[in-house]
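Heads up: the structure comes next, in structure tokens.
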Amino acid sequence: LLLNSSAFAGSASIYPKLPYDPYKDFAPISLIAANPLVLVVGPALDVRTVKELVARAKSQPGKLTFASSGIGSGTHYGGELFAQTAKIEVLHVPYKGTPETITDTASGRIHYAVPPILASLPLVREGRLIALGVTSPERSALLPDVPTVAEAGVPGYKYEGWFGFLAPARTPAHVVAKIGREITRIAQMADIKEKIATMGGRSWHSTPAELETLIRTEIETRGKVFKQAGVKPAS
């Protein structure tokens with residue numbers, strides 16, 4: 001199974017009952033890629049830096065809105081984590097998908113959003129969206145002139161979605177290890193790294209133990225952030 005962090009860790013962090021156990025029913029194999037997001041605003045907001053956005057939000061508590069592609073999604077988590085790290089009070093507006101969040105942010109109906117870099121890149125290049133900062137620990141090759149959110153004014157903030165491989169829980173350890181070695185070998189190929197980079201991500205491989213730790217840590221961390229934000233799953 002190839003999965004992304006939003007579908008797996010995101011669901012497990014807010015839904016108390018799932019038809020599977022995220023810890024016991026799978027055998028983690030390896031990560032394959034990380035997927036950073038980008039904090040964007042529309043030109044009409046007249047905000048050009050992360051610090052200006054934070055200052056605007058603090059001057060108008062609860063008035064600024066941020067859009068996500070749905071409750072529990074990576075864009076939702078990235079937005080809530082940003083608000084809590086920056087210590088601002090804003091209103092979350094969930095949408096049914098990323099395209100709608102980008103369109104309404106560009107038009108000014110929504111104040112800001114934290115979508116995937118690749119999805120927002122065309123409008124950023126056209127000037128219809130202003131990229132304030134990328135969510136990853138390092139700058140993105142697709143937006144080399146855009147600082148990270150942390151270096152732009154919110155120290156300690158970082159978030160990347162991820163993609164990883166899982167097997168059924170009872171898969172023999174030697175089989176998991178063999179598949180993991182192959183994934184690592186492939187992930188290190190120059191053309192694979194380049195392909196992932198063109199999609200806005202970065203190559204990221206791991207051992208089974210490292211992926212298991214990441215899954216547990218992220219479910220716990222997301223759960224704390226969503227709980228603090230008062231997030232409840234959609235009915």
Problem - Test: SER73 is farther than 26 Å from THR198 by Cβ and touching a residue at least 40 places away in the same chain (Cβ under 8 Å) - result: no
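So, ARG128, is that one outside any strand (DSSP E or B), open to solvent by 30 Å² or more (accessible area, probe 1.4 Å) and in contact (Cβ under 8 Å) with a residue 40 or more places away in the chain or not? Explain how you work it out, then say what you get.
Values: outside any strand (DSSP E or B): yes; open to solvent by 30 Å² or more (accessible area, probe 1.4 Å): yes; in contact (Cβ under 8 Å) with a residue 40 or more places away in the chain: yes.
In short, yes.
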Handout entry: Filter pass, GLN60 being of a type in the set (S, T, N, Q) and under 26 Å from SER140 (Cβ atoms)
Key = no
Exercise for the section: Quick one: which residue in GLU212, GLU194 is out of contact with any Cys (no Cβ under 6 Å at 6 or more places or on another chain) and touching a residue at least 24 places away in the same chain (Cβ under 8 Å)? Expected result: GLU212
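The values are calculated or read from the model by the stated rules, or taken from the named source; none is laboratory data. All values reported here derive from a predicted model rather than from experimental measurement. For neighbour counting, all protein chains shown are included, and Cβ atoms are generated from backbone atoms with ideal geometry for every residue, glycine included. Each accessible area value is taken on the protein alone, full model and side chains, heavy atoms only, with ligands, DNA and RNA left out. Shrake-Rupley method; radii C 1.70, N 1.55, O 1.52, S 1.80 Å.
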